[in-house]
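Below: the structure, in structure tokens.
Every number here is computed from the coordinates shown, using simple stated rules; none is lab data. Keep in mind that this is a model prediction, so the values were computed, not measured. All Cβ positions, even for glycine, are placed from backbone atoms using ideal geometry, and neighbour counts span all protein chains on display.
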Amino acid sequence: MIKVYFVLMLGIISVSFAAIFVRFCDDVPAIMIATYRLVIASTILNILYFRKNKERFKFQKKDFIFGFFGGVFLSLHFIAWLQSLKYTSVASSLVLLSTGPIFVSIVSYLILKEKQDKEIIIAIVFAIAGSAVLAFGDANFEVRFGENALIGDGFAIMAAFFVSLYFLIGSHLRERMDIMSYIVLVYTVAAVFLLIVSLVLQIPFTGYELRSYIFMVLLALVSQNLGHTSFNWALKYLKTSMVAIITLGEPVIGSILAYLIFGESIDKYKFIGIILIFAAIIIASRKGKK
């Protein structure tokens, strides 16, 4: 299992760079950043995969259907998460997004009949508490109410729900599909879906700074193909709820990277939040095996 946790740690670090890369793409609309991320990532994977493994890309019809919905849910997660930031505070969005492990546990228990150990439940509580402390620390305990804020909160909850379904489908398919076949299928579907959304919304694909294109390529290579793929690979060996909890390490590593790269301070709230989330990951890792 040491290899699994090493890959997951690599995945967390890779995904955590996403916030850094996005900050350097300030002239690009959020949905277009997501579109470039998935289009570039899936294109590279398709080229690499079909040049060497043409004969291996075979799966049953039901697996294709599940993979299709997995890609759609991944796309909807990106869209909902980015839209939430337009209406509500980052703090509120982060707190509500941290409910992902709850959705994973509920759906796993009701549909997949996957029993949740008490350690996993405790870890979920620690993870949500840690995320809440991080968020309220960023907001300095300022809470904003209003119709627009409620709309943003709704989008954040939707984002948490969609990413939970994405992980659950991945856990189901990874039992039978190799990692490359799975990510090529899911990332390609997500890319096409986001591409269609961008075209419908008439968001321009060109006209941005060269720096932005460079960092969107890094976003695809590092955060998507290395980061997200690490999570998908681990779904074959760990419970979905465990992987969902571990992904909450992203804001923790992101805060550290922001401190190192941009000099952003880590106040007492961030420190407490980091400790709680790390505690959640350690607790969950004890009962995370399938």
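Classify region 147-201 as rounded, prolate or oblate from the Cα gyration tensor: take a ≥ b ≥ c as the square roots of its eigenvalues, call it rounded if a/c is under 1.5, otherwise prolate when a/b beats b/c and oblate if not.
oblate
Local charge sum around LEU210 (other residues, Cβ-Cβ under 15 Å, Lys/Arg +1, Asp/Glu -1)?
-2
Over 30 Å between Cα atoms: which of LYS52/LYS236; LYS236/LYS268; LYS61/LYS239; LYS3/LYS268; LYS61/LYS118; LYS239/LYS268 fall into that group?
LYS236/LYS268; LYS3/LYS268; LYS61/LYS118; LYS239/LYS268
If you take the alpha carbon radius of gyration of region 170-244 and divide it by 2.2 N^0.38 Å, what ratio comes out, to two decimals?
Numbers: Rg = 15.2 Å, N = 75, 2.2 N^0.38 = 11.3 Å.
Against the empirical 2.2 N^0.38 Å value, I get 1.34 for region 170-244.
How much length, in nm to one decimal, is gained on full extension between LEU10 and PHE69, taken as 0.36 nm per residue of separation minus their Cα-Cα distance? Numbers along the way, then the final one.
Details: separation 59, 0.36 × 59 = 21.24 nm, distance 2.65 nm.
This chain segment gains 18.6 nm when fully extended.
Where does each of 27-35, 192-200, 156-164 land if you order them by average Cβ count within 10 Å, highest first?
156-164, 27-35, 192-200
Would you mind putting 124-130, 62-68 in packing order, based on average other-beta-carbon counts within 10 Å, highest first?
Averaged packing, sorted descending, gives the order 124-130, 62-68.
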